[in-house]
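This report refers to the structure that appears directly beneath it.
Each value in this text was obtained by applying a stated rule to the coordinates, not by laboratory testing. All of these numbers come straight from a predicted model, not from anything done at the bench. Here the Cβ positions follow ideal geometry from the backbone for every residue, glycine too, while neighbour counts run over all protein chains shown.
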Ligand SMILES: *Cc1c(COP(=O)(O)O)cnc(C)c1O
């Protein structure tokens, strides 16, 4: 094994050993090579997150269906047709218009897409995601779309040097998740709470995350 593969395997092992077994570890693979993605899969990762449709396509062409593929970047509507073929879950649904487009393209290929509702928990103007007060209306609309299954919520949250500062945003997102869990809509079943990245996943798990998305902690720092 190469040094790269050894380092990645050690990082994956260390993190898998420290998170609860029911927490899904998604390897956030933006800018990584197929070899790096292969290395995390060899080390025991089964979920891979990609931010860009074209990059996902290149990686999936090499790595194939040895993993469950999560779209974790903002999805442009003109990329939906390709995205619904490539991904098993779209974590970044944040508008009724995008939901309509996903539903239409999934209907055309006879697929039902698992989605998470992305919440802009920090109300950051430069970030995507639905505002917390718009989430109920969005979920009610998506419930009427037969080719989409809403399975939870996702948030990025503001990034802080001290991850403890992210806790209130994770907590607020969990509260939305719990509120939505009490609703009974068709095509909606709240299973996944996706929050926490390399510097904040411990806090996110304490606040109820059962999906964490890690890049640098697994692969090392990204080239600038
Ligand atoms: C890059 C990325 C991550 C992982 O970030 P790290 O700080 O490298 O762990 C998680 N989620 C999303 C949506 C990302 O784009």
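Remarks
- Length-normalised contact order of the chain in % [C-alpha pairs under 8 Å, at least 6 apart]: 18
- Spin-label pair residue 202/residue 33, simplified geometry with 7 Å Cα→Cβ offset, distance in nm: 3.2
- Förster radius 41 Å - calculated FRET efficiency between residue 191 and residue 124, Cβ distance, rounded to 0.05: 0.95
- For q = 0.25, 0.28, 0.33, 0.35 Å⁻¹, Debye-computed log10 I/I(0) when each Cα of the range 182-224 counts as one equal scatterer: -0.83, -0.92, -1.06, -1.12
- Label separation (residue 61 vs residue 4): 1.8 nm, computed from points 7 Å beyond Cα along the C-beta direction.
- Evaluating kT/(6 pi eta Rh) at 10 °C and 1.306 mPa s, with the Kirkwood radius of the range 3-219 over Cα pairs in the Stokes-Einstein relation, gives 91 µm² s⁻¹.
- Stokes-Einstein translational diffusion, the range 42-161 - Kirkwood Rh over all Cα pairs, 0.692 mPa s, 37 °C, in µm²/s: 222
- When only Cα pairs below 8 angstrom with a gap of at least 6 residues are kept, the range 1-77 shows a relative contact order of 30 percent.
- Once the chain from residue 76 to residue 108 is taken as fully extended at 0.36 nm per residue, the excess over their C-alpha distance is 9.7 nm.
- Euclidean distance of C-alpha centroids, the range 38-85 and the range 155-185, integer Å: 25
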